[in-house]
Amino acid sequence: MSQDQGGTPEEPGLRDYVAWHDAYQDPSSSLSARLRQVQAQISAWLDRTPGDVRVLSSCAGQGHDILGVLEDRAYDRARVSGALIELDPTNAAAARDRIARLGVAFDVVEADAGTTSAYAGLVPADLVLLSGIMGNISPDDIERLVRVSRQFCAPDATVLWTRGAQDPDLGPDIRRWFTQAGFDEVACDEWIEGTGMRVGVEQLTAAPEPLVPGRQIFTFYR
């Protein structure tokens, strides 16, 4: 399936998520614009968060977000550890190769990040990356993911999320759901570089919740 094809919640049709990464090679693409802002927010988080930290990336793809930041911040590599959850074996292999080259303490877990069981042994994390997910799952699944994300978090953890402005534009709803789930908004960057991309940053102020394995969180429909 080509990169621009995709389904709907009523008629699912998954993209080729290996070819999908090709858009990152074009600096003018909307995905590249989103990646730049995600990486800027990760860098800002590292700047304000001292000590050893753990990062969890859900549906991580090839790990361009966190691994790209560590590529340019050699001074942070020894204090940042974590895990990438990615279902596609080709993308997972690409992430492992980059991790080995950087020499960072990250694991790549080939699993369906839409189930809570995939996170067993990987949480809690100080930074949770939910990038590239919310535009491919139903509104009900997005709301469930927001609520369940407390199970991935260490105390005072930060969650970074993305969602384009496709119809329906759920940005205001997502921001409200995070507030209701016990998070305070740190930032919400909209219409990034003239695209419909949005990057939100939330900090957990409520108590984290224990992970409950065996629960379905979301299902990709495209």
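The values are calculated or read from the model by the stated rules, or taken from the named source; none is laboratory data. All values reported here derive from a predicted model rather than from experimental measurement. Because the Cβ atoms are built from the backbone with ideal geometry, glycine has one as well, and the counts that use them run over all protein chains shown.
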Query raised in the report: Is one or more of the residues making up region 72-83 surrounded by 16 or more Cβ atoms within 10 Å (Cβ to Cβ), on the phi > 0 side of the Ramachandran plot, at pLDDT 75 or above and within 18 Å of the chain's Cα centre (by Cα)?
Result: yes
Query raised in the report: Would you pick out the residues in region 1-53 that are over 18 Å from the mean Cα position of the chain (by Cα) and either modelled with pLDDT of 95 or more or of a type in the set (Val, Ile, Thr) (or both)?
Result: THR8, ASP47, ARG48, THR49, PRO50, GLY51, ASP52
Requested in this report: Could you please tell me which pairs satisfy a Cβ distance under 8 Å, a separation of 6+ or placement on different chains, a first residue in region 39-63 that is under 24 Å from ALA94 (Cβ atoms), and a second residue that is assigned to a loop (DSSP other than H, G, I, E, B) and of a type in the set (Val, Ile, Thr)?
Outcome: LEU56/VAL123; SER58/ILE133; CYS59/ILE133
Query raised in the report: Hey, ASP107 hits all of (1) within 27 Å of SER30 (Cα to Cα); (2) in a strand (DSSP E or B); (3) of a type in the set (Asp, Glu) but one; which does it fall short on?
Result: (1)
Report task. Might you check whether a residue that is in contact with an Asp or Glu (Cβ under 9 Å, 6 or more places away or on another chain), surrounded by fewer than 22 Cβ atoms within 10 Å (Cβ to Cβ) and within 26 Å of LEU87 (Cβ to Cβ) occurs anywhere in region 189-197? Result -> yes
